């Protein structure tokens, strides 16, 4: 299993799909899987948060973004951590494990480290990596090769409207760098052409 994680707009989807094409050209059976926002059991809590004014929704010309403030009600923050764990586990069981059981390589566009960043921002809690729920989440990626794609904040904001207007972008970049340092994840710079970045990705995966 190969996981490409990182902030919005950095080029994860492009590289994940290109990697799948490269692997298939080399005779490797592989599948591309998008692994973000699998809300199932957490949906009622998210609906309650919106009703209680704990969620802000920012609308764009081509979409919207939600900003959660679970830190204002600690029991909800704790419940959200556990519900996200269950939802992610279900997504892995449905979308990843069957493919792995068939001997296929799974290329994940986002995975548990993106969930951790979202969770830390939603709860304003930088101690999330220390919790047992985090260890359980990370166990889902224990046999994966995870690469963190990163780029300069200015270039990221220039790419898409939702990224340009994301008021949490600087915090996301900081958190991805912190998780990379803590868990020893290699960083792939998105600076350069798509093919140059792809070659750098292949080099990391081969190391």
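Coordinate-derived values only; no laboratory data. Computed from a prediction, not measured in an experiment: that's the story for all the values here. Every residue, glycine as well, gets a Cβ built from its backbone with ideal geometry; the counts of neighbours run over all protein chains shown.
Descriptive notes on the structure:
- Tensor-based shape of region 137-207 (alpha-carbon gyration tensor, a/c under 1.5 rounded, otherwise prolate or oblate): oblate
- Centre-to-centre, using Cα atoms only, region 90-112 and region 118-186 are separated by 20 Å.
- What the pair-distance distribution of region 39-83 shows, using all Cα-Cα distances binned every 5 Å from zero, is 6, 21, 29, 24, 12, 6, 2 percent.
- The C-alpha radius of gyration of the chain, expressed as a fraction of 2.2 N^0.38 Å, stands at 1.02.
- Computed over region 92-159, the ratio Rg/Rh where both radii use C-alpha atoms and Rh is Kirkwood: 1.04
- Summary value for region 33-154: 30 percent relative contact order, contacts being C-alpha pairs under 8 angstrom separated by 6+ residues.
- Modelled FRET efficiency - R0 35 Å, residue 136 with residue 193, Cβ distances, 0.05 increments: 0.35
- Principal-axis tilt of helix 12-25 within the chain, Cα atoms, nearest 10 degrees: 30 degrees
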